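*Asks:* Please read through the structure below; I'll follow up with questions.
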Amino acid sequence: MRISEVLRRNNTSTKRNCAHPQTDWHSDRSSNDLTKLTRELTKDGSVKHSRNLSWSRPYLSKTRYMCGRQCSKKLWMTVYDDAEPLKEPLPGTRKGMGIEAGIKARLLWPGGVLVDTKWNAFAEAIDLTKCLIADPTVPAIFEAALSHHGVLVRVDALERLSGGRWRLNEVKSSTRIKDEHLEDVALQTYVVFGAGLELADAHLVHINDKYVRDEEIDWNALFCRVDVSDNVIPFLPSVPARIANMHEVLCSTEAPDVRPSRHCFRPHDCEFWHRCTSHKPKDWIFHVPRISSGDFDALELSGIVSMRHVPDDFPLKPNQKRVVDAAKSGKVYRSPEFAKFLPLLALPTSYVDFETFSPAIPIYPNTRPYQRIPFQWSWHYNDGSGSLIHSDFLASGDIDPRREFSETLLLASERFPGAVMAWSQFEEKVVRDMAELFPDLAERLTALLYRVIDLLEITADHTAHPDFQGSFSIKAVPPAVAPDLTYSDLDIADGGDASAAFYRIVADPTLSAEARDALRQSLLAYCQRDTLALARVHQWLIQES
Ligand code: SF4
């Protein structure tokens, strides 16, 4: 098959097989195509370094290569910056769920053997992989270690096919294929080819978001297998040059000078963000709401870093101008229309906050991967007498918490009259989900919906404060209007932490009873603080008017 034919095929749809392992694979691609193509597309497969490199220098890995694709400074800091020791991702975090999905996916290859060595025992891992490759009774090798041109990859599942060929399987915990995944597979393809294996094709194994769990998990239905060989081909030609550039970066004794900007969040939030931006002013123009990359670059490249220095004639949208004007004047802004919301904001009123978690691998029957499962609510009620009444719920996690969550929430909502204030439309969406799930509760849940007021919308559309620093998050607004209200004394700092904590309570068998109790107390304190913060923001809105 000619390369041009293969490249043309990139435009055809990707072949999917969402439920069954492809043990009997057939293709019109001739044998060892991916190896041949890699050789041709990477121009004989050589990394062209501009100077001699010593391979005793840090190697590249899949992770490091993808860091380098995001930012050369991130690559350098990942290797050399040891100010923050690497932590093992906790279960329930995004990375933790990714690791769990990778381990569970091994069930798709019965009889597969894990290259079970310490993470930094590279030579041992490579030797063990060679032994397993030489053993025809091993159908698949998990975490196969292969190296080529200073790059060491661990292939999630290297699957033995007939005729001495191999299939590369990369497992992702996402529900769709992204370009970053294809770049990752292209790098592995290049290394597997360089290590001398005949690679027939490459598959991405990812989570099937249509799967609904029964009592037991059907692993073959939970994971989709997608042949991405054709999709990877466009990424192959640039691999050698990128490897060479990254090795150049790693040969430097200093981190590259890279300006923090939007790229720091694509495709992943960079862990060095706070370090790279520690010298920026509080009113850094990056925090102008929804500032475009073009406007941000134009301002910074003309030497304007602080909102106070944005020229008056610089084109800004109304919401951006409000924030910039507040930074310049140092004064709180209220729109002329704000007064019309005051009747809505009258006491008595309640403040509500929910916590949810979305496990990649469904925990409860009749739930899908990443389905939003509410497990906790906090409710503060202000009858206008000056004191707040608090009520809350935190599920045990032993069973699907959604019914108990809904019933207890309804009891609270029917006990306390008046409007119910939330921050964003998140709580409304969750109540809608529950109304759809429980038709017998739908009428009462809908009645609750009619009472919900989005305090974020009112605050963001009609106010600005110099200390909000361009953010209207529930973690940014309360400290500006109620400086005594802080989250710094809490173990749980945000909704992501809360989700991960509940996940551990439910699914981490290594958790002791004491640790479980401590997590529950932390969750209760965190959610309560959020509704208290809402009450303080509401108080600020009505007092300042
Ligand atoms: S914060 Fe941005 S500039 Fe700094 S290392 Fe990360 S991606 Fe690079």
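*Asks:* Return the residue satisfying two criteria in turn: it lies in segment 43-78 and is of a type outside the set (A, V, I, L, M, F, W, C), at pLDDT 75 or above and away from the ligand (no atom under 16 Å from the Cβ), and of such residues it is surrounded by the most Cβ atoms within 10 Å (Cβ to Cβ).
*Replies:* Within segment 43-78, the first condition is being of a type outside the set (A, V, I, L, M, F, W, C), and the residues that meet it are 43-46, 48-52, 54, 56-59, 61-65, 68-70, 72-74, 78.
Narrowing further to those that are at pLDDT 75 or above: 58-59, 61-65, 68-70, 72-74, 78.
Checking the rest, the ones that are also away from the ligand (no atom under 16 Å from the Cβ) come to 58-59, 61-62.
Details: Pro58: 17, Tyr59: 16, Ser61: 18, Lys62: 20.
Taking the candidates together, the pick is Lys62.
*Asks:* Within segment 270-292, can you find the residues that are more than 8 Å from the ligand (Cβ to nearest atom), part of a loop (DSSP other than H, G, I, E, B) and of a type in the set (Val, Ile, Thr)? So that I can check it myself, show each step before the final result.
*Replies:* Of the residues in segment 270-292, the ones more than 8 Å from the ligand (Cβ to nearest atom) are 274, 278-292.
Subset that is part of a loop (DSSP other than H, G, I, E, B): 278-283, 288-292.
Correct list: Val288, Ile291.
*Asks:* Give the number of residues within segment 437-470 that are within 17 Å of Arg402 (Cα to Cα) and hydroxyl-bearing (Ser, Thr, Tyr).
*Replies:* Matching residues across segment 437-470 total 1.
*Asks:* Are there helices (runs of 4 or more DSSP H) fully within segment 454-534 with at least 1 residues that are without any contact (Cβ under 8 Å) to a residue 60 or more places away in the chain and among the small types (Gly, Ala, Ser)? List them.
*Replies:* Per the criteria, 477-481.
*Asks:* Same structure, new question: Any idea which residue in segment 82-115 is surrounded by the most Cβ atoms within 10 Å (Cβ to Cβ), counting only those that are touching a helix residue (DSSP H, G or I) at 6+ places or on another chain (Cβ under 8 Å) and part of a loop (DSSP other than H, G, I, E, B)?
*Replies:* The residue in question is Gly92.
*Asks:* Which residue, of Asp214, Asp209, Asp295, is buried (at least 17 other Cβ atoms within 10 Å of the Cβ) and more than 16 Å from the ligand (Cβ to nearest atom)?
*Replies:* Details: Asp214 fails: buried (at least 17 other Cβ atoms within 10 Å of the Cβ); Asp209 fails: buried (at least 17 other Cβ atoms within 10 Å of the Cβ).
The match here is Asp295.
*Asks:* Another question about this same structure. Given the condition without any contact (Cβ under 8 Å) to a residue 60 or more places away in the chain, of a type outside the set (Val, Ile, Thr) and buried (at least 17 other Cβ atoms within 10 Å of the Cβ), answer yes or no: does some residue in segment 271-278 qualify? Walk me through it before giving the result.
*Replies:* Applying the first criterion (without any contact (Cβ under 8 Å) to a residue 60 or more places away in the chain) to segment 271-278 yields 273-274, 277-278.
Next, from what is left, pick out any that are of a type outside the set (Val, Ile, Thr): 273-274, 278.
Those still in the list that are buried (at least 17 other Cβ atoms within 10 Å of the Cβ) too: none.
No, segment 271-278 contains no residue that is without any contact (Cβ under 8 Å) to a residue 60 or more places away in the chain, of a type outside the set (Val, Ile, Thr) and buried (at least 17 other Cβ atoms within 10 Å of the Cβ).
*Asks:* Moving on. Just checking, does segment 233-241 include any residue being assigned to a helix (DSSP H, G or I), under 26 Å from Val151 (Cα atoms), in contact (Cβ under 8 Å) with a residue 60 or more places away in the chain and within 16 Å of the ligand (Cβ to nearest atom)? Spell out the reasoning first.
*Replies:* Step one: list which residues in segment 233-241 are assigned to a helix (DSSP H, G or I), which gives 233-235, 239-241.
Narrowing the set further to residues that are under 26 Å from Val151 (Cα atoms) leaves 233-235, 239-241.
If we keep only those that are in contact (Cβ under 8 Å) with a residue 60 or more places away in the chain as well, we get 233-234, 239-241.
Still in the running and within 16 Å of the ligand (Cβ to nearest atom): none.
The answer is no; no qualifying residue exists.
*Asks:* Right, something else. I'd like the full set of residues that are farther than 17 Å from Leu107 by Cα and in contact with a Phe, Trp or Tyr (Cβ under 9 Å, 6 or more places away or on another chain), limited to segment 126-153.
*Replies:* Ile133, Ala145, Ser147, His148, His149, Gly150, Val151, Leu152, Val153
*Asks:* Restricting attention to segment 244-258, and to residues there that are part of a loop (DSSP other than H, G, I, E, B) and more than 7 Å from the ligand (Cβ to nearest atom), which single residue is surrounded by the most Cβ atoms within 10 Å (Cβ to Cβ)? If you could, list the steps in order and put the result at the bottom.
*Replies:* Applying the first criterion (part of a loop (DSSP other than H, G, I, E, B)) to segment 244-258 yields 252-258.
Pick out the ones that are also more than 7 Å from the ligand (Cβ to nearest atom) and you get 252-257.
Details: Ser252: 11, Thr253: 6, Glu254: 7, Ala255: 18, Pro256: 14, Asp257: 7.
So the residue we want is Ala255.
*Asks:* Still on this structure, I have one more. It is to be established whether one or more residues within segment 368-376 are over 30 Å from His206 (Cα atoms) and not in a strand (DSSP E or B). Give the derivation first.
*Replies:* At the first step, the residues of segment 368-376 found to be over 30 Å from His206 (Cα atoms) are none.
No; the residues of segment 368-376 include none that is over 30 Å from His206 (Cα atoms) and not in a strand (DSSP E or B).
*Asks:* If I ask for residues that are among the aromatic types (Phe, Trp, Tyr) and not in a loop (DSSP other than H, G, I, E, B), which ones from segment 165-224 would you list? Let's see the steps before the verdict.
*Replies:* Applying the first criterion (among the aromatic types (Phe, Trp, Tyr)) to segment 165-224 yields 166, 190, 193, 211, 219, 223.
Correct list: Trp166, Tyr190, Phe193, Trp219, Phe223.
*Asks:* Kindly indicate which of Ile243, Ile207, Ile141 is closer than 22 Å to Thr63 by Cα and either of a type in the set (D, E, K, R) or not assigned by TED's automatic domain parsing to the domain that holds Lys36 (or both).
*Replies:* Working: Ile207 fails: either of a type in the set (D, E, K, R) or not assigned by TED's automatic domain parsing to the domain that holds Lys36 (or both); Ile141 fails: either of a type in the set (D, E, K, R) or not assigned by TED's automatic domain parsing to the domain that holds Lys36 (or both).
Exactly one of Ile243, Ile207, Ile141 is closer than 22 Å to Thr63 by Cα and either of a type in the set (D, E, K, R) or not assigned by TED's automatic domain parsing to the domain that holds Lys36 (or both), namely Ile243.
*Asks:* Quick one: would you say Ser261 is without any contact (Cβ under 8 Å) to a residue 24 or more places away in the chain and within 14 Å of the ligand (Cβ to nearest atom)? Outline the logic, then answer.
*Replies:* Values: without any contact (Cβ under 8 Å) to a residue 24 or more places away in the chain: no; within 14 Å of the ligand (Cβ to nearest atom): yes.
Taking the combined requirement at face value, the residue does not satisfy it.
*Asks:* Still on this structure, I have one more. Quick test of your reading of the structure: Leu158 fulfils all but one of (1) among the hydrophobic types (A, V, I, L, M, F, W, C); (2) buried (at least 17 other Cβ atoms within 10 Å of the Cβ); (3) not in a strand (DSSP E or B). Name the failing condition by number.
*Replies:* The one condition Leu158 does not meet is (3).
The values are calculated or read from the model by the stated rules, or taken from the named source; none is laboratory data. Quick caveat: nothing in here was measured; it's all calculated off a predicted structure. Methodologically, a virtual Cβ is constructed for each residue, glycine included, from the backbone with ideal geometry; neighbour enumeration extends over all protein chains shown.
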